[in-house]
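Asks: So that we are looking at the same thing, I have put the structure below in structure tokens.
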Amino acid sequence: MLKLIHASKIYHDSGVQALRDVNLHVAAGDYVSITGASGSGKSTLMHILGLLDTLSAGQYLLGGADVSCLPPHTLARLRSEQIGFIFQGFRLLPGMTALENVALPLTLQGIPRTERLERAEQALARVGLSERTTHRPDQLSGGQQQRVAIARAVVTKPRVVLADEPTAGLDPEAAEDVLSLLDGLHHAGHTIVLITHDRAAALRAARRLYLESGVLSGG
Ligand SMILES: Nc1ncnc2c1ncn2[C@@H]1O[C@H](COP(=O)(O)OP(=O)(O)OP(=O)(O)O)[C@@H](O)[C@H]1O
Ligand SMILES: [Mg+2]
């Protein structure tokens with residue numbers, strides 16, 4: 001499903017080499033966690049896997065197709081069709097309700113309004129927030145906001161779900177809810193990459209990888 005071959009990333013503005021000769025193979029339906037210290041390259045790796053950034057060297061194959069050198073509009077389309085993101089800090093739009101936030105990725109896909117709202121409602125029901133559809137992010141707890149973000153990540157039925165520190169800043173109970181939802185997505189057949197500082201969270205994955213100064217081990 002996801003394959004990196006001799007992948008490197010250098011940020012030219014800072015001169016930092018954030019990924020060094022990374023080889024990674026994530027099969028369809030895998031649940032993989034990636035841990036590593038702050039600055040080890042975890043978010044960089046997520047941005048590459050999520051087609052939000054491109055490699056400096058090496059190859060990235062997504063679903064068997066080489067996506068290393070595609071133009072931005074093609075990357076944006078693939079991203080919207082195949083990838084769901086869960087970010088640290090939720091990144092919900094503050095002026096919109098939970099339902100509107102969840103429906104947003106479907107707008108980008110040009111899906112008609114009635115279907116958008118129906119699918120957004122189903123996605124919110126799946127994360128246990130049917131009663132909160134009209135609430136704005138500032139009217140929800142951190143754990144609820146992250147569940148809205150999970151609903152938004154899966155509303156397009158992406159094959160791949162990428163989660164960057166999805167439990168950061170949540171209390172243990174809310175963090176457990178988020179991890180249980182990820183377990184559920186895994187069982188439903190999504191391919192999951194979980195990036196986390198939290199070793200207990202990492203243990204939920206079927207396969208655990210480790211990044212140190214841009215070098216990935218166990219991939
Ligand atoms: N946009 C950028 N421009 C320049 N350098 C960057 C950029 N993003 C990250 N870096 C550098 O690349 C390295 C890896 O950063 P990255 O954000 O991937 O680490 P991380 O493992 O996600 O850290 P954290 O656990 O703190 O989130 C760091 O040295 C960072 O300073
Ligand atoms: Mg990070």
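Asks: Could you rank ARG136, ARG147 by how accessible they are, 1.4 Å probe, largest area first? Show your work: numbers first, answer last.
Replies: On the way: ARG136 90, ARG147 45 Å².
From most exposed to least exposed: ARG136, ARG147.
Asks: Could you go through region 31-40 in sequence order and give the Karplus-derived ³J(HN,Hα) for each residue, using 6.51 cos²θ - 1.76 cosθ + 1.60 with θ = phi - 60°, rounded to whole Hz, and x for Gly and Pro?
Replies: Running phi through 6.51 cos²θ - 1.76 cosθ + 1.60 with θ = phi - 60° gives 10, 10, 10, 10, 10, x, 5, 4, x, 7 Hz.
Asks: Here is a follow-up. Note down the relative contact order for the chain as a percent, whole number, built from C-alpha pairs under 8 angstrom at least six residues apart.
Replies: Values: 439 pairs, mean separation 67.5, N = 219.
Taking the mean separation of contacting Cα pairs over the length of the chain, I get 31 percent.
Asks: What full-extension length gain, to one decimal in nm, is calculated for VAL16 and GLU173 as 0.36 nm per residue of separation minus the Cα-Cα distance? Present the calculation step by step, with values, prior to reporting the outcome.
Replies: Working: separation 157, 0.36 × 157 = 56.52 nm, distance 3.68 nm.
Here the answer is 52.8 nm.
Asks: Still on this model: What's the ranking of 1-10, 57-66 by average number of surrounding C-beta atoms within 10 Å, highest first?
Replies: On the way: 1-10: 18.8, 57-66: 14.6.
Taking the mean over residues of other Cβ atoms within 10 Å, the ranking is 1-10, 57-66.
Asks: By how many nm would the segment from ALA206 to HIS6 grow when fully extended, if each residue of separation counts as 0.36 nm and the alpha-carbon distance is taken off?
Replies: That pair, ALA206 and HIS6, stretches by 69.6 nm at full extension.
Asks: Take THR107, project a point 7 Å from its Cα along the Cβ direction, then tell me which residues of region 120-135 have their backbone nitrogen under 18 Å from it.
Replies: Counting only backbone N, you get 120-124, 133-135.
Asks: Another question about this same structure. With every protein chain kept in place and ligands, DNA and RNA left out, what is the accessible area per residue of the chain? Probe 1.4 Å, answer in Å².
Replies: On the way: 10130 Å² over 219 residues.
That works out to 46 Å² for each residue.
Asks: How would you order 118-128, 11-21 from highest to lowest mean count of nearby Cβ atoms within 10 Å?
Replies: Numbers: 118-128: 18.9, 11-21: 13.7.
For the peptides 118-128, 11-21, the packing ranking is 118-128, 11-21.
Asks: Right, next: To one decimal place, what orientation-averaged projected area in nm² is obtained for the convex hull of the Cα set of the chain?
Replies: Working: hull surface 46.4 nm².
Taking the Cα atoms of the chain, their convex hull projects to 11.6 nm² on average.
Asks: Quickly rank 174-180, 46-52 as a protection proxy: mean count of other C-beta atoms within 10 Å, highest first. Walk me through the intermediate numbers first.
Replies: Values: 174-180: 18.4, 46-52: 21.1.
Top of the packing list down: 46-52, 174-180.
Asks: Roughly how many Å is it from the Cα centre of region 107-145 to that of region 47-71, as a whole number?
Replies: Using only Cα atoms to place each centre, the spacing works out to 30 Å.
Asks: Moving on. When the accessible area of region 126-219 is split by element with a 1.4 Å probe, what percent falls to carbon and sulfur?
Replies: Using a 1.4 Å probe with all protein chains present, region 126-219 comes out at 48 percent carbon and sulfur.
Asks: Compare the Cα positions of LEU124, SER40, ILE111 along the charge dipole of region 33-161 (+1 at Cβ of Lys, Arg; -1 at Cβ of Asp, Glu; about the Cα centre) and return the one farthest towards the positive end.
Replies: LEU124
Asks: Convex hull over the Cα atoms of region 69-198, averaged projected area in nm²? All intermediate terms of the calculation are to be shown ahead of the outcome.
Replies: Values: hull surface 32.7 nm².
Average projection, Cα convex hull of region 69-198: 8.2 nm².
Asks: I've got another one for you. When Lys and Arg each count +1 and Asp and Glu each count -1, what net charge do the other residues less than 15 Å away from ALA18, Cβ to Cβ, add up to? Numbers along the way, then the final one.
Replies: Working: positive: LYS9, ARG20, LYS42; negative: ASP13, ASP21, ASP53, ASP164, GLU212.
Residues close to ALA18 contribute a combined charge of -2.
Asks: Here's another thing I want to ask about it. Quick check: at a probe of 1.4 Å, how many percent of the accessible area of region 1-103 sits on carbon and sulfur atoms?
Replies: Percent of accessible area from carbon and sulfur atoms in region 1-103: 55.
Asks: Return the Cα extents of region 150-219 along principal axes one, two and three, sorted largest first, each rounded to a whole Å.
Replies: For region 150-219, the Cα spread along each principal axis is 34, 28, 18 Å.
Asks: Could you give the dipole magnitude of region 1-131 about its Cα centre, charging the beta-carbon of Lys and Arg +1 and that of Asp and Glu -1, in debye to the nearest 20? Please report the intermediate quantities before stating the final value.
Replies: Numbers: 11 positive and 11 negative charges, 27 e Å.
That gives a dipole near 140 debye.
Asks: Just report the Cα centroid separation between region 17-41 and region 180-198, whole Å.
Replies: Cα centres, region 17-41 to region 180-198: 15 Å.
Asks: Work out how much length ALA37 to SER213 would gain on full extension: take 0.36 nm times their residue separation and subtract the Cα-Cα distance, in nm to one decimal.
Replies: Numbers: separation 176, 0.36 × 176 = 63.36 nm, distance 0.84 nm.
My answer for the length gained is 62.5 nm.
Asks: Convert each backbone phi in region 148-157 into a coupling constant with the Karplus relation 6.51 cos²θ - 1.76 cosθ + 1.60 (shift: θ = phi - 60°), then list the ³J(HN,Hα) values in order as whole Hz, x for Gly and Pro.
Replies: Values, residue by residue: 4, 5, 5, 4, 5, 5, 9, 5, 8, 6 Hz.
Asks: Spin-label point model (7 Å from Cα, Cβ direction): what's the ASN23 to SER56 distance in nm?
Replies: Computed distance between label sites ASN23 and SER56 equals 2.1 nm.
Asks: What is the magnitude of the charge dipole of the chain about its Cα centre, with +1 placed on the Cβ of each Lys and Arg, -1 on the Cβ of each Asp and Glu, and no other charges, expressed in debye to the nearest 20? Don't skip to the end; give the middle numbers.
Replies: Values: 21 positive and 21 negative charges, 84 e Å.
The calculated dipole for the chain is roughly 400 debye.
Asks: While we're on this one: Based on the inverse mean of 1/r over its pairs of different Cα atoms, what is the Kirkwood hydrodynamic radius of region 18-97, in Å?
Replies: On the way: mean 1/r = 0.0696 Å⁻¹.
Over region 18-97, the inverse of the mean reciprocal pair distance is 14.4 Å.
The values are calculated or read from the model by the stated rules, or taken from the named source; none is laboratory data. Just so we're clear, the structure is a prediction, and the values are computed from it rather than from any experiment. A quick note on method: Cβ atoms are made from the backbone with ideal geometry, for glycine too, and the neighbour counts reach across all protein chains shown. Note: areas computed on protein heavy atoms with side chains; ligands, DNA, RNA excluded. Shrake-Rupley method; radii C 1.70, N 1.55, O 1.52, S 1.80 Å.
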